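Computed from the coordinates by the stated procedures, all read-outs in this text should not be read as laboratory data. Remember, predicted model here, so these are calculated numbers, not experimental data. Neighbour counts are summed over all protein chains in view; Cβ atoms, including those assigned to glycine, are modelled from backbone coordinates with ideal geometry.
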Amino acid sequence: MNAPAPKRFSMIREFHLADWFTLGNAVCGVGALFSCMTYLAAGDVRHIYFAAALVLAALIFDVLDGRIARWRQKSSAMGRELDSLADVISFGVAPAIIAYACGMQGLYDRIVLAYFVACGVSRLARYNVTAETLSEGSGKVKYFEGTPIPTSILLVGLLALAASVGAVGDALWFGEVRIAGFLLHPLVLVFAISGSLMISRIRIPKL
């Protein structure tokens, strides 16, 4: 007796329409990383704008995937995990790398940016494991604990503004501070604040 033919592309068949938009989010985030690397290699500030625009596009995809999932009333655990992974790239790693490309490259800057990403990852993990509790049996989460990771779009907008007026590299706003022989750019502290707010217990109603 012949063995049954293997199922090909079974994972792809399990994707819902919203999941494709989630992948669009992730692709935009990766594109932002590539733009940052091109900026560091070529020095053309347009690539900072491209990176910021791609993070904005990722946010649009992130909003649309949720709306489409609710419209079609189709969601899954895989979709939720996929959304979190995409958000880590687009709203955690990408903003941190944009900041690095803009000049926050000191040792303390790197520590703060790594802290920011770690907070984003922790925020998403906490949301995933508490979503059912927060929905109170209604199937819909009524509020967030801590600021959502896509709020990092505000930091990206700030960096795009800085780039537009030439405030990158050695001209970064607020200059630099040397502590124990290592550099800290005070502007990086906005990432420390953002990360801390993400892991806080502040309740924010979900619209």
Q: Step through the residues of region 114-125 one at a time and calculate ³J(HN,Hα) from phi using the Karplus curve (6.51 cos²θ - 1.76 cosθ + 1.60, θ = phi - 60°), rounding each to whole Hz and writing x for Gly and Pro.
A: 5, 4, 4, 5, 4, 5, x, 4, 5, 4, 5, 5
(Q) Could you sort the peptides 187-195, 172-180 by per-residue average Cβ neighbour count (10 Å cutoff), highest mean leading? (A) 187-195, 172-180
Q | Backbone HN-Hα couplings from phi across region 84-90 [Karplus 6.51/-1.76/1.60, Hz, Gly and Pro as x] | A | 5, 5, 5, 5, 4, 5, 6
Q: Between beta-carbons, use under 12 Å as the cut-off and find the net charge around Leu183, counting Lys and Arg +1, Asp and Glu -1.
A: -1
Q) Which far-off residues, 5 or more places away or on another chain, put their amide H under 5 Å from the one on Leu183, with H placed in the peptide plane? A) Leu107, Tyr108
Q. Given H placed 1.01 Å from N in the peptide plane, which residues other than close sequence neighbours of Gly146 have an amide H under 5 Å from its amide H?
A. Ile202, Arg203, Ile204
Q) For region 155-207, what is the convex hull volume of the alpha-carbon atoms per residue, in Å³? A) 99
